[in-house]
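Bear in mind that the values in this text are calculations on the coordinates, not laboratory data. These figures come from a predicted structure and were not determined experimentally. Don't worry about glycine lacking a Cβ; one is built from the backbone with ideal geometry, like all the others, and counts go over all protein chains shown.
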Amino acid sequence: MSEAKACTSRLDVMKFAFDATTGEGFVCELGVYKGQSLNEIARWHSPAKVYGFDTFTGLPEFWREGFPAGAFDVSSDKLDFEKNCTLYKGLFGETLPVFLQDVSKMAKLIHVDCDLYSSTISALRILAPRISVGTVLVFDEYFNYPGWQNHEHKALIEFLSETGFDCKYLAYNKNSQQVAIIISAKAQ
């Protein structure tokens, strides 16, 4: 991570990652909550569509101290989203397969705000056929909190091992938990 850009905010990491994307592909967010980052990404990516995935009923299980099952529960009906946002409501295991039937493009940018290991690894495994060299992933709770090694970080390491991909760190938030990576080919 020593060559990655040190950013000072969550949004700076996201913008740096977005600017690092190239070519065609879909842009999505896994874990929308109130939609702040999804709307920001939608403004950068306009007029192209962006896709958001969330249950809007909160975490499906305990994550860590202060974040029990149900944390982040919010009524999506009361939220405003940019016109180019399309939402898929439900668990990733239910909504991502439907999405992959609807959208045939490869992934360009995936904002992983899943918090939990179980949700993150499930989503990455489902999306694996659409993730390729050059896909950018931004993890919202990657490191810098007690137990970080057991959640999004662990899921990424397992995903890379399972797929044979490698990654390069692009940016990180030196004040918080966010990390951006780009998928690369495994070194020979």
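The table below gives the values:
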quantity	calculated
Choice from Glu141, Glu94, Glu158 showing the highest fluctuation, given a GNM over the chain with Cα pairs closer than 10 Å	Glu94
222 nm mean residue ellipticity, helices alone, for the chain (DSSP H n ≥ 4; -39,500 (n - 2.57); rounded to 500)	-9000 deg cm²/dmol
Nitroxide proxy distance, nm - points 7 Å out along Cα→Cβ at Ala185 and Lys34	4.5 nm
Ordering of 110-116, 95-101, 34-40 by packing [mean C-beta count within 10 Å, highest first]	110-116, 34-40, 95-101
Counting DSSP beta bridges with both ends in region 5-185, the antiparallel % (nearest 5)	40 percent
Dipole moment magnitude, nearest 20 debye, region 5-185 about Cα centre, only Lys, Arg, Asp, Glu C-beta charged	440 debye
Debye equation applied to the C-alpha atoms of the chain, log10 I(q)/I(0) at 0.11, 0.12, 0.20 Å⁻¹	-0.43, -0.52, -1.68
Filtered trypsin sites (Lys or Arg not before Pro), region 91-132: DSSP coil and at most 16 other beta carbons within 10 Å	Lys105
Relative contact order (%) - criterion: Cα under 8 Å, at least six apart; region: region 5-185	27 percent
Top of Phe165, Phe62, Phe53 by mean-square fluctuation, Gaussian network on the chain, Cα under 10 Å	Phe62
Listed residues Leu11, Leu124, Leu79, most fluctuating in the chain (Gaussian network, C-alpha, under 10 Å)	Leu79
Estimated distance in nm for a label pair at Gln101 and Asp77, the labels positioned 7 Å out from Cα along Cα-to-Cβ	2.7 nm
Added length on full extension, which subtracts the Cα-Cα distance from 0.36 nm per residue, Ala128 to Thr86	13.0 nm
